[in-house]
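Report on the following structure.
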Amino acid sequence: MRIQRAGAALAAAGVLVGSLAACGGGSEQTYGSVVEKAQGGGTVVVGTKWDQPSLGLKKGAEPEGFDVDVAKAVLKEMAGGKDVKIEWKESASSNREPFLANGTVDIIFATYSITDERKQKVTFGGPYVVAHQDVMTRGDDTSINAPTDLKGKKICKASGSNSYKRITDPPPDGKLDIDATPVDAANYSECIQKLQGSNLDAVTTDDLILAGFAKQAAASGGKFKVLGQGFTDEKYGIGLKKGDTKTCEAANAAVAKLWQNGTMKQLFEKWFGGIQGLKLADSAPPAEGCA
């Protein structure tokens, strides 16, 4: 079931948060937050990527990957150790904020970097991990050995993602202020296709995303290389409708517990172990707070 409008105001900086509904036995039950819905046996609609290997990739009836497993673990922890009924919903970079605002999804685990701009529209739990923006090229390309080598090169501009701006824009919104040429793509899967077809020189985004694609390509005989020179901190947050601080606080407690008991490290090893040049996180990042 999905987040629906309700007239009751929840305490969270004066922001209205829609109640959460769950149907059962011919009647409708409403919940004041996602954590209450998980604890009460309702079906939680979880947004993830469906096109990112090792993070969120649709295979069969459900997606699989690191973010998918983290979503299951966090929700189970929030529900006191009970398995939670989940409906999976594809949430691309371009529709994450609208999906939370209009109730299409209840909660999002989708390589969702916490930024000050996004905090104006979304309440974030976490972060549950910190990734770092890096650069991936074709394996035989010797002309790009550092992010600064992207001057004059064609880089991917995935819809809804700000990663390309870290290359092309000056601070504070950008990072490197390099004269590279952005090439439009619907998502990072299309970026990889364009890179394979030599329509791009490089794809730049979070190292975990790049590592997943590199691992997938290697399994089918392709070859990409990740430079291993991360130059930003991308704090992966748990996206919630603006004002759902109760769920945010529960999510933060769950993330801390999953780091303490070794679950997060196990999930890292499962999905990213053995990828050359990728340093796996070994400790919990500080929580941002539930603004």
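The values are calculated or read from the model by the stated rules, or taken from the named source; none is laboratory data. These figures come from a predicted structure and were not determined experimentally. So basically every Cβ, Gly included, is an ideal-geometry build from the backbone, and we count neighbours across all protein chains shown. The area values use the complete protein model at the heavy-atom level, side chains included, leaving out ligands, DNA and RNA. Shrake-Rupley method; radii C 1.70, N 1.55, O 1.52, S 1.80 Å.
Classification of the stretch 148-190 by its C-alpha gyration tensor yields an oblate form. The axis ratio a/c (a ≥ b ≥ c) is 1.5 or more, and b/c is at least a/b.
Relative to the dominant Cα principal axis of the chain, helix 66-78 is inclined by about 20°. Per residue, the accessible area of the chain comes to 44 Å² when a 1.4 Å probe rolls over the protein heavy atoms. Of the cross-linked pairs LYS82/LYS241; LYS58/LYS157; LYS37/LYS82; LYS121/LYS257; LYS235/LYS279, which ones have a Cα-Cα span greater than 19 Å in the structure shown? Long pairs (Cα-Cα over 19 Å): LYS82/LYS241; LYS58/LYS157; LYS121/LYS257. Helix 263-272 and the longest principal axis of the Cα set of the chain meet at an angle near 40°. Estimated at the nearest 10 Å², the accessible area of ASP244 is 10 Å² with a 1.4 Å probe.
Here the stretch 198-291 was treated as a single set of alpha-carbon atoms; its pair distances binned every 10 Å from 0 give 13, 37, 31, 16, 3 percent. Could you please state how large a percent of the accessible area of the stretch 44-92 is carbon and sulfur, counting protein chains only and using a 1.4 Å probe? Percent of accessible area from carbon and sulfur atoms in the stretch 44-92: 44. Which of rounded, prolate or oblate describes the stretch 42-130 when judged by the alpha-carbon gyration tensor and an a/c cut-off of 1.5? Cα axes put the stretch 42-130 in the rounded bin.
If each DSSP helix of 4+ residues adds -39,500 (n - 2.57) and the sum is divided by the residues in the chain, what number results at 222 nm, nearest 500 deg cm²/dmol?
Helix-only estimate at 222 nm: -8500 deg cm²/dmol.
If you average the C-alpha positions of the stretch 43-117 and of the stretch 216-265 separately, how far apart do those two centres end up, in angstrom? Using only Cα atoms, the two centres lie 11 Å from each other. Heavy-atom accessible area, probed at 1.4 angstrom with all protein chains present, ranks LEU278, LEU195, LEU176 as LEU176, LEU278, LEU195, highest first. Of all the options GLY152, GLY103, GLY243, the one that moves most in a Gaussian network model of the chain with Cα springs shorter than 10 angstrom is GLY152.
Loop-resident trypsin sites (Lys or Arg not before Pro) (DSSP state other than H, G, I, E or B) in the stretch 174-276 with no more than 11 further Cβ atoms inside 10 Å of their Cβ: LYS223.
Between the helical axis of 245-260 and the longest alpha-carbon principal axis of the chain there is an angle of about 60 degrees. Using a Gaussian network model of the chain in which every pair of alpha carbons under 10 angstrom is joined by a spring, one finds that among GLY42, GLY221, GLY230 the greatest mean-square fluctuation is at GLY221.
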